[in-house]
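Below is one structure; the comments refer to it alone.
The values are calculated or read from the model by the stated rules, or taken from the named source; none is laboratory data. Worth saying up front: this structure is predicted, and the values here are computed from it rather than measured. Using ideal geometry, Cβ is built from the backbone for each residue, glycine included, and neighbour counts are taken over all protein chains shown.
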Amino acid sequence: MLKPIIITLFAILGISTTATAQSDIAQEIGIFAGPVTLQSDFGERNNFDTNVGNTGFGIGIIHFINFSAANNHETFFSEHFKVRSELSFSKTDLQHFGRWVEKKPANLTINQLKGMSASSTVFGLGSQLEFSFIKIHDFENNVGSFSPYLSAGIMINYYSSKIGSSLGDITLPHITPGKYLTPSDGRPHGFSSETGIAASITGGLGVHYKLTTMSDLMFETRFQMFTSDWIDGLNPNKDIYKENKSNDWQVWFNFGYIYYLEF
């Protein structure tokens, strides 16, 4: 599954690189950072404490191909679309939250869940297509204006997960609930400290603010769904534990600064 995605990704990057050689193409570079919440097998689904507690930090650099800034021939594509390439990093520490660890009085399983923890780091490289709701020229010519946008794309991610328990050896039944000791997806248990590569699809909603003639600010909320359920190091056997039905995914809340290299 990864092979066609990788080929597509590098084809997009190649097209982007070639396009920059054209005189009517402008380029922008930027940086962004912000909180990242990892939605995984740690904690309870749709639980506020889980969403807040399993929040980490992300940072990245971005490059835009701008078809409008240096182009006097307006088309719908050049006035509403940019190609965005990105290199990003995120790290999240994970614990169990929600009703399953809040029950009183605490029993063995609750204490086992409370003792589990993990860390997940993800390096991502990819491309996205960004659609602006207003004309890019109109936005660029008006300092103080806003430009809302949608984005979608694909990324290739290198992930590293480390999982353990404060109670001791996580492979022992008196340390870890049986749900996570059952073999899963080719691993001897439903947990794994490992590194690997996974693709992801992204979709975002954001806004650019025209700070100066040559710079923008941005805010973005972005959804990222991985093709793997091992990003967090935890993946109970899906054939037995039907509630474990979704791969890991995360939500970014990005604040960034963008500078125009050409105009």
- prompt: Which residue pairs have Cβ atoms closer than 7 Å, lie 6 or more positions apart in sequence or on different chains, and pair a first residue in the stretch 238-254 that is without any contact (Cβ under 8 Å) to a residue 40 or more places away in the chain with a second residue that is of a type in the set (Gly, Ala, Ser)?
  reply: Asn247/Ser228
message: Condition first: at pLDDT 85 or above and either of a type in the set (Lys, Arg) or surrounded by fewer than 17 Cβ atoms within 10 Å (Cβ to Cβ) (or both). Now tell me which residues in the stretch 15-54 satisfy that.
response: Ile29, Ile31, Pro35, Val52
message: Report every pair of residues separated by at least 6 positions or lying on different chains whose Cβ atoms are under 8 Å apart, first residue within the stretch 28-53 and under 30 Å from Ile65 (Cβ atoms), second surrounded by fewer than 19 Cβ atoms within 10 Å (Cβ to Cβ) and at pLDDT below 85.
response: Thr37/Asn51
task: Just need a number here: residues in the stretch 130-145 that are surrounded by 16 or more Cβ atoms within 10 Å (Cβ to Cβ) and either out of contact with any Ser or Thr (no Cβ under 6 Å at 6 or more places or on another chain) or charged (D, E, K, R) (or both).
output: 3
query: When the stretch 206-254 is examined, which residues are found to be of a type in the set (A, V, I, L, M, F, W, C) and under 14 Å from the mean Cα position of the chain (by Cα)?
result: Phe223, Met225, Phe226, Ile231, Trp249, Val251, Trp252, Phe253
query: Is at least one residue of the stretch 74-86 without any contact (Cβ under 8 Å) to a residue 24 or more places away in the chain and either touching a Phe, Trp or Tyr at 6+ places or on another chain (Cβ under 9 Å) or more than 30 Å from Thr213 (Cα to Cα) (or both)?
result: yes
